[in-house]
Number of protein chains: 2
Amino acid sequence: MLPDAPERGFATAEFEARTARAQTLMAQQGLAGLLLMSEPEVRYFTGFRTLFWQSPTRPWFVFVPATGKPVAVIPEIGAALMRRSWLDDIRTWAAPIPEDDGISLLTDLLAPLAAGKARIGVQKGHETTLRMPLGDWERLIAALPGLEIADATDLVRSLRMVKSPAEIEKLAHICAIGSATFNRVPDLVSEGMPLEDVFRTFRREALTQGADDAPYVVGAADQGGYADCISPPDRRPITRGDVLMIDTGCTWDGYFCDFDRNWAIGTASDAARRAYDVLWRATEAGLAAARPGNTCRDLFQAMSKVISEIDTSGGDIGRMGHGLGMQLTEQPSHMFGDTTVLSENMVLTLEPCLNYGDGLMMVHEENIVVGPKGGVLLSTRAAPELPVI
Amino acid sequence: MLPDAPERGFATAEFEARTARAQTLMAQQGLAGLLLMSEPEVRYFTGFRTLFWQSPTRPWFVFVPATGKPVAVIPEIGAALMRRSWLDDIRTWAAPIPEDDGISLLTDLLAPLAAGKARIGVQKGHETTLRMPLGDWERLIAALPGLEIADATDLVRSLRMVKSPAEIEKLAHICAIGSATFNRVPDLVSEGMPLEDVFRTFRREALTQGADDAPYVVGAADQGGYADCISPPDRRPITRGDVLMIDTGCTWDGYFCDFDRNWAIGTASDAARRAYDVLWRATEAGLAAARPGNTCRDLFQAMSKVISEIDTSGGDIGRMGHGLGMQLTEQPSHMFGDTTVLSENMVLTLEPCLNYGDGLMMVHEENIVVGPKGGVLLSTRAAPELPVI
């Protein structure tokens, strides 16, 4: 395990600051509260961290009022853990109760706001989901006539995109664990090993290196290159002439790394070497462009310009990187249509990709934090030439 | 690794049968189609399996028409993988496009149905979420005047609750892997080991035993027993007099096991032994009651009756087990309010729990398939007395 693991969790001051920033924006936008129900948002305002979200059975709610601490409205099974948080007002029910899974509690909480024709924020926009039954949502709204629902996606996104020093410390730690794990791959992988076993070995190594988990391990290996970057592994053995790619999201204390590495097995084709070189230089261009004041579009264009040396298709991924934090992928997106202005302490992936040869693709990815003069690497930079195992 | 891994994936006939059963129910309920967007439902009808769902950025849709094969409406990044499925009609867009993430494609697909005032099913009920932005959903519905939306939660749930022989084979395999992993715990865990390292070691061992992943590893350890069953681990060392509980959801080929084990460290208190004995016998009662024709309420009452020997509170978990399959927890729920009739080939957890001592709780869990005469264990039955490490 890496020796320098930071403290787990956050000081109460961190949650106070997050809440204060939210409340400042809420005041500017005329919002009397925020109703949140997704894992990262509940965790962002409370510190509540549990794998129990993997069960779809129970909804969980946090309400951020215009002033004062957030209020939790959660299943009783989570009460003991939530009581360890900085919250004072924790309301629970014996979930699951399909006919009333928190809806009465939420109605009681929000009725005074509805009576005053107040406006509250709910996440309704890009990259969000309604993490409660749609029928329950419809019943809740019907029970609160007068309450105005605004889309708080941009508000929450603007808070979460810029990371605190404590968040960056966690992200740097898991990126270091990811780098150490990738560093071991040439020793762990060899010709003849089925891809499924490569992935299993990678996961075990990530845990050995100190990751809490390695929930996201995808990739591919095939002759001269791969054609797809989101498939589960098969039993095909790694073969001389393959390009192997592993892309991983490992976690530590609830924060993700998300980057990949490519290797040639035994020998590398000229086409694969060339693709790798272009992507490596595209990433360099991304690093230089990742400075405050530039936009995600600028980042996208800086990388695209290099990639256009051999591919002008734009690829099938739709973007060349994204935000990173409590989720494997967060806003913003490095694409032409995203004009988010970069600011210091945003944590991002740079993920240029290209198509080459006969239906092949290659993807590179690094994790960075936006510094005053450009991107600062959190992942250990990939080798400048396609490594051969 | 266990030697008897079944085939991965499913024969096309399995998807044909699932679709035919859905279409029979749709005809009975007057539904012209099902619009599905959650990972398990998309996978159920297509076989599309990828970890990429961990990224919240992109929505994915499958439409099951009244006749014929399902239609996929998905981001281009998933096209290569979806083309390996049994589907013919795969429509893609270059997601992410926040201003139109599949909405035009869905509108085109559904407009003829809306023109005919047709009724389609969407999952709106218990244990479901809207896995797309709420704002996009509202825009989609507004663009399709005349289209009636019905809640298809019960329809989909009735299909998924009863497993096919191929599904049961996968579930039996991952339960065997889970059992083999738990079996190794006494050799891997010892006094002085921080709980965090116990969990990490458990995850590594599950992978060694052949799991694709061990996404859900929770539990607790404390003197005489634990007070909470969903928390992440801390660095507190395992200490003589602790009761240690590990609860895991491991996966193989997209199917979960979900069961736990308890151990005493060094020595066990009489109270902990007694709690364990009661839970073990409650599980026996559950096994006997898990026969076709009985209801989830019957299962709950059979287990509750034994538990009432020392606890009549009903616990904080809200139920005593649930369905199991592509998700860690699925419908139904073993609780008084769930009168789902059990039928052969339902795969379930039995999860009795109780409170004892000063704020302590204990949870047992086994995985079973409903056989003609009662529950048939998929997990290797826990020892009848609290094991001491």
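The values are calculated or read from the model by the stated rules, or taken from the named source; none is laboratory data. These figures come from a predicted structure and were not determined experimentally. Using ideal geometry, Cβ is built from the backbone for each residue, glycine included, and neighbour counts are taken over all protein chains shown.
Summary of values
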read-out: Selection status of A:LEU299, touching a strand residue (DSSP E or B) at 6+ places or on another chain (Cβ under 7 Å) and closer than 19 Å to A:SER379 by Cα; value: no
read-out: Checking A:TRP137 against (1) surrounded by fewer than 18 Cβ atoms within 10 Å (Cβ to Cβ); (2) within 13 Å of another protein chain (Cβ to nearest Cβ), the condition it does not meet; value: (1)
read-out: Residue among B:LEU87, B:LEU81, B:LEU2 that is at pLDDT below 95, crowded, with 16+ Cβ neighbours inside 10 Å and more than 22 Å from B:ARG119 (Cβ to Cβ); value: B:LEU81
read-out: Count - residues of region A:76-102 that are touching a residue at least 24 places away in the same chain (Cβ under 8 Å) and over 30 Å from A:THR24 (Cβ atoms); value: 4
read-out: In region A:155-168, the residues that are of a type in the set (D, E, K, R) and within 14 Å of A:PHE256 (Cβ to Cβ); value: A:ARG160, A:LYS163, A:GLU167
read-out: Region B:115-134 - residue that is part of a strand (DSSP E or B) and within 27 Å of B:ALA95 (Cβ to Cβ) and, of those, farthest from the other protein chains (Cβ to nearest Cβ); value: B:ILE120
read-out: Cβ-Cβ under 7 Å pairs, at least 6 apart or on other chains, region A:111-134 side without any contact (Cβ under 8 Å) to a residue 12 or more places away in the chain, far side of a type in the set (A, V, I, L, M); value: A:LEU134/B:LEU130
read-out: Test: residue in region A:164-186 that is on the phi > 0 side of the Ramachandran plot and part of a loop (DSSP other than H, G, I, E, B); value: no
read-out: Candidates A:GLU196, A:GLU205 - the one that is under 21 Å from A:ALA5 (Cβ atoms) and within 14 Å of chain B (Cβ to nearest Cβ); value: A:GLU205
read-out: Subset of region B:95-106 that is surrounded by 17 or more Cβ atoms within 10 Å (Cβ to Cβ) and not charged (D, E, K, R) - its residue that is nearest to B:LEU147 (Cα to Cα); value: B:LEU106
read-out: Hey, A:PRO70 under 21 Å from B:GLU330 (Cα atoms), buried (at least 22 other Cβ atoms within 10 Å of the Cβ) and assigned by TED's automatic domain parsing to the domain that holds A:PRO112 or not; value: no
read-out: Selection status of A:ALA143, away from chain B (no Cβ under 14 Å), farther than 18 Å from A:LEU244 by Cα and within 17 Å of the chain's Cα centre (by Cα); value: no
read-out: Pairs with Cβ under 9 Å, 6+ apart, first in region B:147-160 and more than 25 Å from B:ASN345 (Cα to Cα) and within 14 Å of another protein chain (Cβ to nearest Cβ), second in a strand (DSSP E or B) and charged (D, E, K, R); value: B:ILE149/B:ARG119; B:ALA150/B:ARG119
